[in-house]
């Protein structure tokens, strides 16, 4: 173990945080989010009390030194693994060759679909802080804020009457495939209800797909005096594209059929990925430069949830003139209603030669109104094209 890691692991939990605002001892099978009574290996303790998502808002990666963001991430993962017992290590680490496990993730609560790895609620306070440090290193400022917001939304659902057996901060999981290293092939999974970060690293290059984020409610909400809105910007950016279209462009972009959820959802352990639908909608290269800028901004809401060393090349690839010549924007739902995110069944899509982004509006499970399900995938590089 390096001297940096020894120092990190010797620190008390609060030393991992720039601000400990409280007591730091202190999980799509495509379809409805209603929870069931399936098994869940997370802690059975109450969702309230010892852990406050807001305490981790100001977390930094300064405890891990490195020349690159990948070095910092590997340091954080190694530090997390170093806090675990041998039995915990055997539960959180998987072989790189376990490809069916690598494609196992969901939007559903974890008592409906069991996640890989260890849950936040099953960990010691030291390991919980190290878990969050891994997330902070793997995500950009924007992405980390969205992750915290999704977790806070789950706590909000409990506060509003949702079952703590299905919702809550403690039901978010971490799993590691292969041996983390700056030049190794490995994968990090961070997931739970309404969240699936599947980040594959191949010789130092990150592929953050498939990615699933969702939030109920879709609008901003207040939890413990903190305001959260993890998918407000994503939804607003997508709506802005369709609001900019002329009536004829909007008609061209409309898809037939109905959309109860995203089309390209979880792979459910399959190592043979589904084919993407044929492209349809309004061609982006035929739009004005201002409209194309709105498409670029919407793509960035998902891609830039990851650090620049992951996101920058992807943004270049997805938004080049050549890419936009093969990229379509499309929407579904009742045509007479227009793109109305307050109507269940409203659906929005960006469909490029590689990038695939979907937003589906579903009726709320705990709350009234609609909520968002989103997917970001890459037709070439899902799971790093390494299955």
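Just so you know, all these numbers are worked out from the coordinates, no wet-lab data involved. Since the structure is predicted, the reported quantities are computational estimates derived from the model, not experimental observations. With ideal geometry, Cβ positions are generated from the backbone for all residues, glycine too; neighbour counts draw on all protein chains shown.
Can you match volume of the Cα convex hull per residue in Å³ to one of these, [x] 127; [y] 194; [z] 161, based on a calculation from the structure here? Correct label is [x].
Taking the fewest neighbouring Cβ atoms within 10 Å as the starting point, the ordered list for 193, 371 is 371, 193.
Our estimate of slack between residue 276 and residue 124, defined as 0.36 nm per intervening residue step minus the Cα-Cα distance, is 50.5 nm. By the count of neighbouring beta-carbon atoms within 10 Å, fewest first, 259, 51 end up ordered 259, 51.
The modelled label-to-label distance between residue 62 and residue 309, using points 7 Å beyond Cα along the C-beta direction, is 2.0 nm.
Here segment 247-316 is treated as a sphere whose radius is the Kirkwood value from Cα pairs; by Stokes-Einstein at 25 °C and 0.890 mPa s it diffuses with a coefficient of 162 µm²/s. Helical runs assigned H by DSSP (4 residues or longer) give the chain a calculated mean residue ellipticity at 222 nm of -9000 deg cm²/dmol, each run adding -39500 (n - 2.57) before division by the residue total. Estimated at 0.36 nm per residue, the fully extended path between residue 334 and residue 363 surpasses their Cα-Cα distance by 8.9 nm.
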